[in-house]
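Visitor: Once you've had a glance at the structure underneath, I'll fire off some questions.
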């Protein structure tokens with residue numbers, strides 16, 4: 001290639017702005033953005049707007065720092081919020097938010113709508129300098145947030161600008177908000193070229209609540225990087241692993257209770273990866289219920305994504321367990337399947353798209369009881385070895401089919417390229 005060839009090649013790439021919560025700072029998104037980012041960067045000139053940066057943490061090494069902008073999270077003043085009352089679209093959204101609910105809830109929803117709109121305006125003021133200055137052709141918000149609404153508003157003065165957004169869980173389900181409302185979803189659906197969902201259940205939920213043209217919606221599992229299957233411990237105890245934040249909706253206390261009522265012949269030990277506000281309380285509960293049963297348990301705290309395979313391998317993990325009350329499609333289960341670890345999991349969100357009883361694990365009721373979870377663990381413990389091997393192989397095969405991050409991100413990137421054409 002002649003001198004300057006790389007620069008010429010880079011200049012020909014379309015420019016896009018990827019809006020994240022923290023990436024490339026910190027650890028909050030390191031488990032699922034890097035593969036997609038690398039694939040995007042092969043085709044496009046990618047700029048990043050980190051909405052909530054974590055400056056104390058090390059940046060991800062693969063990012064060109066000159067193309068990273070931090071929006072920050074300044075305090076929202078009263079005037080920018082009140083100014084939203086002069087927008088016709090906001091008045092319409094307020095009417096929608098207040099319909100069918102009492103005065104107190106209507107007022108709370110009104111506040112949420114006004115703040116959401118004001119934050120969208122903040123994003124416009126921040127992003128227009130990048131979009132106009134760098135010649136950005138497409139904004140991709142990795143989460144459907146106020147930035148997405150802001151990007152849609154920017155299109156009105158920039159007809160050539162394209163917008164896509166990805167939905168996960170907290171940004172999708174009305175039930176995940178205090179007010180029971182995700183604001184401006186009609187405006188966002190109408191203004192985006194593509195709505196990307198982390199699972200089929202998420203897409204179906206959105207389409208059931210808002211009228212959306214089918215061609216705008218696509219399902220793209222986040223997936224995980226390829227990891228070699230591990231060998232489970234060959235002799236008892238059965239090594240059970242779980243991985244989540246220690247917060248109420250993950251119901252880790254239910255895992256502890258289930259382990260405490262396992263039949264006497266089922267020997268098990270438990271390892272939890274993840275941290276959170278409930279850690280001290282759950283450690284005390286585990287000591288109280290599991291120590292008398294002789295069940296070893298370890299709370300490992302936060303583990304870097306790239307170290308997870310080594311930990312599971314050294315433990316000889318055999319079964320992944322989650323009792324979560326709400327999910328999208330957990331990356332933790334996808335990681336477990338990549339390593340050949342079947343799962344016992346609740347039937348929430350997109351989990352039924354991954355976990356099939358008798359094939360890749362045990363699909364449990366959404367309101368699972370400790371007894372039902374204990375029965376699933378005991379059933380797996382007692383399976384003949386050839387059936388366990390088949391379940392492990394099925395988990396890996398399903399990962400290859402649905403959860404290969406590299407393959408999934410390439411499909412998404414091709415879709416983005418078509419949108420820009």
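Visitor: Find, to one decimal place in angstroms, the Kirkwood hydrodynamic radius of segment 31-132, where the mean of 1/r is taken over every pair of different Cα atoms and then inverted.
Guide: Working: mean 1/r = 0.0606 Å⁻¹.
This gives a value of 16.5 Å.
Visitor: Defining a contact as two alpha carbons under 8 Å apart and six or more residues distant in sequence, what relative contact order in percent does segment 238-402 show?
Guide: Numbers: 275 pairs, mean separation 41.0, N = 165.
Reported relative contact order: 25 percent.
Visitor: Using the count of nearby Cβ atoms within 10 Å as a rough guide to exposure, how do 176, 41 rank from fewest to most?
Guide: Values: 176 14, 41 18.
With the fewest neighbours first, 176, 41 line up as 176, 41.
Visitor: Need the full-extension length gain, residue 89 to residue 175, defined as separation in residues times 0.36 nm minus the C-alpha distance. One decimal, nm. Don't skip to the end; give the middle numbers.
Guide: Working: separation 86, 0.36 × 86 = 30.96 nm, distance 2.35 nm.
So the chain would gain 28.6 nm between residue 89 and residue 175.
Visitor: In nm², what is the average projected area of the convex hull enclosing the Cα atoms of the chain?
Guide: On the way: hull surface 92.0 nm².
Result: 23.0 nm².
Visitor: Under a 10 Å cutoff between Cα atoms, tell me which one of 363, 383, 149 has the largest fluctuation in the Gaussian network model of the chain.
Guide: Comparing 363, 383, 149 in a Gaussian network model of the chain, the most mobile one is 383.
Visitor: Ok, one more. Label-point separation (nm) for residue 288 and residue 105, each offset 7 Å from Cα along Cα-to-Cβ?
Guide: Distance between label points: 3.4 nm.
Visitor: Taking the mean number of other Cβ atoms within 10 Å as a proxy for protection, how do you rank 317-326, 295-304, 159-168 from highest to lowest?
Guide: Listed from highest to lowest mean packing, they are 317-326, 159-168, 295-304.
Visitor: Efficiency by 1/(1 + (r/R0)^6): what FRET value for residue 277 and residue 421, r their Cβ-Cβ distance, R0 = 45 Å, to the nearest 0.05?
Guide: Once rounded, the FRET efficiency stands at 0.45.
Visitor: In segment 282-379, if every C-alpha pair distance is counted and binned at 10 Å from zero, what percent goes to each bin?
Guide: 14, 42, 39, 5
Visitor: Would you mind ranking 144, 207 by Cβ crowding within 10 Å, fewest neighbours first?
Guide: On the way: 144 25, 207 17.
With the fewest neighbours first, 144, 207 line up as 207, 144.
Visitor: To continue, here is another question. For segment 313-421, what's the relative contact order in percent, using C-alpha pairs closer than 8 Å and at least 6 residues apart? Let's see the in-between values first.
Guide: Working: 125 pairs, mean separation 26.9, N = 109.
So the answer I get is 25 percent.
Visitor: Residues in segment 79-121 near a label at residue 245, defined as backbone nitrogen under 20 Å from the 7 Å Cα→Cβ point?
Guide: Answer for this model: 116.
Visitor: Please compute the contact order of the chain in relative form: average sequence separation of alpha-carbon pairs under 8 Å and at least six residues apart, divided by the residue count, as a percent. Can you show the working numbers first?
Guide: Values: 729 pairs, mean separation 59.7, N = 421.
Computed value for the chain: 14 percent relative contact order.
Visitor: Gain in length, residue 210 to residue 129, computed as 0.36 nm per residue apart minus the alpha-carbon separation, to one decimal in nm? All intermediate terms of the calculation are to be shown ahead of the outcome.
Guide: On the way: separation 81, 0.36 × 81 = 29.16 nm, distance 3.21 nm.
Extra length from residue 210 to residue 129 when fully extended: 25.9 nm.
Visitor: Take each of the peptides 78-89, 13-24, average the number of other beta-carbon atoms within 10 Å over its residues, and list them starting from the highest. The partial results should precede the final answer.
Guide: Working: 78-89: 12.6, 13-24: 21.3.
Packing proxy ranking, top to bottom: 13-24, 78-89.
Visitor: Need one number: nm distance between label points at residue 235 and residue 379, each 7 Å from Cα along Cα→Cβ, rounded to one decimal.
Guide: 2.9
Visitor: Apply the a/c threshold of 1.5 to the C-alpha gyration tensor of segment 238-402 and tell me whether it is rounded, prolate or oblate.
Guide: Values: a/c = 1.37, a/b = 1.21, b/c = 1.13.
It comes out rounded by the Cα gyration axes.
Visitor: Label points 7 Å out from Cα along the Cβ direction at residue 70 and residue 414: separation in nm?
Guide: Modelled inter-label distance: 3.8 nm.
Here, each number is a calculation from the coordinates, and none is a lab measurement. What you see is a predicted model, and the numbers here were worked out from it, not measured in a lab. Every residue, glycine among them, receives a Cβ derived from its backbone with ideal geometry; neighbour counts consider all protein chains shown.
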